[in-house]
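Values in this text are rule-based calculations from the coordinates and carry no lab data. If you're wondering where the values come from, they're calculated on a predicted model, not measured in any experiment. Positions of Cβ are generated from backbone atoms using ideal geometry, with glycine treated the same way; all protein chains shown enter the neighbour counts.
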Amino acid sequence: MKKTLAGLGKFNKILAISLPVVLSILLVRMQSLAYRELSPPECRVQKWDIPVSLTAENQDALTQKQKAPLIQRLPVTCCQGDTSCLDEVLYGQIPDKKALISAIAHSLQYLQTANAAAAYQNYPVAGITRDRVFKSLKRFRELLLKTNSAIELHQAILREFVLYQSVGQNSKGSVLFTAYYEPLYAASRVPTTEYRYPVYRLPADLNSWPKPHPTRLELEGADGLQGAKGKLQGLELFWFRDRLEPYLAQIEGSARLQLADGTQTTIGYAGNNAYNYKSIGRELANDGKLPLQGMTMPIILGYFQKHPQELNIYIPRDRSFVFFQENHGQPAQGFINVPLTAERSIATDKSLMPPGALALIRASIPFVNPTGKMEERIVSRYVLDQDTGGAIKGAGRVDYFLGTGKLAGDRAGITVSNGQLFYLLLKSQN
């Protein structure tokens, strides 16, 4: 689970930080960007928005104490020539189908747990039950295995499934998409003159700490080196070379570590000090250091490369603090305690959205083109809702997991667009 730097992902678990915080982003990803058209002129985006008639039907629900986050509708029919309507990569040369099948298996495993039973016991949207989500996933997997093209799969979905669309930020279906990833950092098991900045284990007595808990500044000091003088003494887990790296790991909720002896290991979220995440990107904008418009993770990182001394000013402003555990190479996990799958796992607000469920996202996502440059493409992707994040709040936010390492981080750092989110459920529960 992760936080979101503003894109930096989700506060992993506050609230539960499983992984998703990754660059969901250091900056809570600068909300309202200009709306991007998600269809060619002959289709326009209205096709993907919530139909006005359905919005009107749900006005009563939307004004209740707990607003309905999802509205049932029929699947969207593809416009002729609009290949972005289909998840074509599933039937290409890349083994994406195997990745999706693996992600489905993880959700099916979760849905058979006591935690899933509890999560769905009082789910706020009528008709969405754990049993229906489970059966829908199994049937979708059958269709995925037996169909031979994206069009064939889409036609089967039109026949057998209905969609529940997120009302989004505006009750019309517009959802802000950011992305997160699992960073890869050099680290050491022991402190050295080179590796000085630690991440910490979960204190065994955290539940007995008086509230409010100590803030980040009180725990580790402005320079990130004072933890051994207070409550964090003896809890050091790994040490990093750069002041920013352990902080970014906290935002992402996990990290893969390259150790000095040539081995690798992983760390994951273990707990937090119960403060809400504050975006340092937004703090830079508030102080006039960077413009809010167009802010991305690369821009934030570039600023601190030029002004490293200011890390000791801005990092302490985020009072939230994340503790880790060593996961010995296991993949990053999401809020529902299953491994996250690159390009196939998302993080949403779990007080509103169905955990483990099958979803369809449609948004503009950056990819590396054959020349090595980033370009954005509007895509549709079937994904599993397996994570959450401290900055992923409301029906209008999705954080998309892009995998591990630098390329995933480069893509996550510039992912920010408006799109749509749909959940797929069988028309009949029989």
Beta bridges by DSSP in the chain, antiparallel share as percent, to the nearest 5: 75 percent
For the chain, convex hull volume per residue from C-alpha positions, Å³: 155 Å³
Ranked 154, 106, criterion: other C-beta atoms within 10 Å, fewest first: 154, 106
Dipole magnitude (debye, nearest 20) for the chain, charges at Cβ of Lys, Arg, Asp, Glu: 600 debye
Inter-probe distance in nm under a simple model that places probes 7 Å from Cα toward Cβ, at residue 351 and residue 54: 2.5 nm
Whole-number percent relative contact order across the chain, with pairs defined as alpha carbons under 8 Å at least 6 apart: 31 percent
Filter on 373/393; 135/427; 172/393; 211/278; 97/138 - keep pairs with C-alpha separation over 21 Å: 373/393
Ratio Rg/Rh [Cα only; Rh per Kirkwood] for region 124-223: 1.20
Whichever aspartates and glutamates have a C-alpha closer than 19 Å to that of residue 289, once near sequence neighbours (fewer than 8 apart) are set aside: 310, 318
